Each structure stands twice: as structure tokens, then as C-alpha cells.
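The values are calculated or read from the model by the stated rules, or taken from the named source; none is laboratory data. The structure displayed is predicted, hence computed values, not measured ones. Here the Cβ is made from the backbone with ideal geometry for all residues, glycine too, and neighbour counts use every protein chain on show.
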Protein chains: 2
Amino acid sequence: MKKETDVYSDDEVKLARFAKALSHPARIQIMKLLASQNSCFCGNIAGYLPLSQSTVSQHLKELKDAGLIIANVKQPKIYYCICKENWDMAKKFLDALFEKKACEIC
Amino acid sequence: MKKETDVYSDDEVKLARFAKALSHPARIQIMKLLASQNSCFCGNIAGYLPLSQSTVSQHLKELKDAGLIIANVKQPKIYYCICKENWDMAKKFLDALFEKKACEIC
DNA sequence: AATATTCATCGTATATTTACGATATACGTG
DNA sequence: CACGTATATCGTAAATATACGATGAATATT
């Protein structure tokens, strides 16, 4: 099978990855939580979600791998916060996509 | 397992569904294609993608199920176009999510 | 040193996604 | 009516996602 890079543009792949990171309600909630704190939000995110600690950790990993959040180690806790650079990039890509006009005929 | 509606808000579930629909580069391309036509874009979308007709049909189904596109049957062809209502809703939800400030400390 | 706290990772089960070729459906054309 | 065109659906294989409990690793506290 062709590799993605052969076929899709870099930006398309990145946007798809950002979208994928946001494609689960738990991860939407996590991003909202992180965004609503005016300082970095620490640890017990699991307490706010109907999920086990290990599952939340997995979701955090996905958000981190997608580049949307950053882990800030301050032992024994780890503070997560939104990665401003990629968050802005995701917003930019999405804005570009949405600025295109939807068809008015249908 | 708990049902999503027990736990996640309606808007969170909807936003996650929209994001999921956009979580594959092929579907990003399809949305771009549809958006770039100033009339509804007809059929041979597969010709623009490195995918078989059946796979493209599946992706179209996912976009349709997510409510992002509408199928307009004009036999023997089917015209797809972006569903303005839901497209706008997705944009609104995403804007609301992104308007939240990223943490400035990390 | 023993214990508690915080978080990641492993192992695992199940579900979903992705992709394709083959086939079915619906319609128009010769 | 036979055939072509456009598209969906089926069957299937492989990959990925989701979730949990158990365990591991790192550090702080007693």
C-alpha cells in the first residue's frame, strides 16, 4: 500500500491527526478541562471522567503524541497543558478548511 | 459500560463525531474537493484519491453518517455536497473549543 | 528502609476502522 | 431486453482503538 506521504499533503495528514486526537468525547473533555484552568491543570483528570486512571493515561498519551498537549514533570506530579504552538496550528488548518464555502445548491 | 449520553454532553459527543469524520486524510481531501467546487461535486471522487471506488464509497458514507455531507440522487449519478447546517455547527463547536486559552505557563 | 503517591505501561479482550475485490442495485441507452 | 454506468454493499483480512486491572517506576514522606 502507498505510504500516506506519497499521496496526501503534509498539512492534510497533520490536520487528520489533530482531528483524530479530538475524535473521542473523553479527549474533548480533557482538552476543555486543560483549557479551563488558568494555570496548568495537574493530575487527577481521571476524577473528572468516567474512566479508569489507566484509560485516562492512554488518552493523555494520544493527545501528547498528536502534539496537542505537553507533559510537564514536577515530581511526583505531572502537569499537562495545551501546546499553544500546535493548538494554534490546528486552529489555523481547521479555519482554512472551514473557510471554504459549502455548496449552496443542495 | 456506561452509555456516552450518561457521561458526555451532547455537544461533546457531536464534536467528537465531527472530528472523527475528519480524522482521516482521505476524508479531509474529500471535504476539500467538495468545498472547492462551486457547484455540487459529482461522482468520480475516487479518481482524485489513491483509493478504490468501494473504499471511497465507505469514506463518503462515514462523512454522510456524521452529517457533514448530503447525497443528492440525480440518476444515474449521485451528487455529494457539504451539509451547510452541520458544517456550520462543527465550525461553531470547534471555534468554541479553540477560543479557550492555552496555558501560558508551560 | 518502608510506605504512599502519582503516573505510565503491560497484558488482554473486544470493537471499530481501513482497505480491497466481488457482487448487487438502479437506471439509462442502444 | 441486454448492456454500460454509477454507486452501494458484502465478505474478509489486517490494523488500530478502547477499556480495564495489574504491575512497574520514580519520588516524597514517615
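Matching residues to (1) among the basic types (Lys, Arg); (2) over 21 Å from A:Gly67 (Cα atoms); (3) at pLDDT 90 or above:
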| residue | (1), (2), (3) |
| --- | --- |
| B:Phe41 | no, yes, no |
| B:Gly67 | no, yes, yes |
| B:Val73 | no, yes, no |
| B:Lys100 | yes, no, no |
Checklist entry - Out of all the residues in the range B:26-41, is one or more part of a helix (DSSP H, G or I), surrounded by fewer than 21 Cβ atoms within 10 Å (Cβ to Cβ) and away from chain A (no Cβ under 11 Å)? => result no
Next on the checklist: Give me the residue from the range A:73-97 that is in contact with a Gly (Cβ under 9 Å, 6 or more places away or on another chain) and assigned to a strand (DSSP E or B) and, out of that set, farthest from the other protein chains (Cβ to nearest Cβ).
Outcome noted: A:Lys77
Checklist entry - With (1) within 15 Å of DNA strand C (Cβ to nearest atom); (2) assigned to a helix (DSSP H, G or I) as the list, and A:Ile70 as the residue in question, which single condition is left unmet? => result (2)
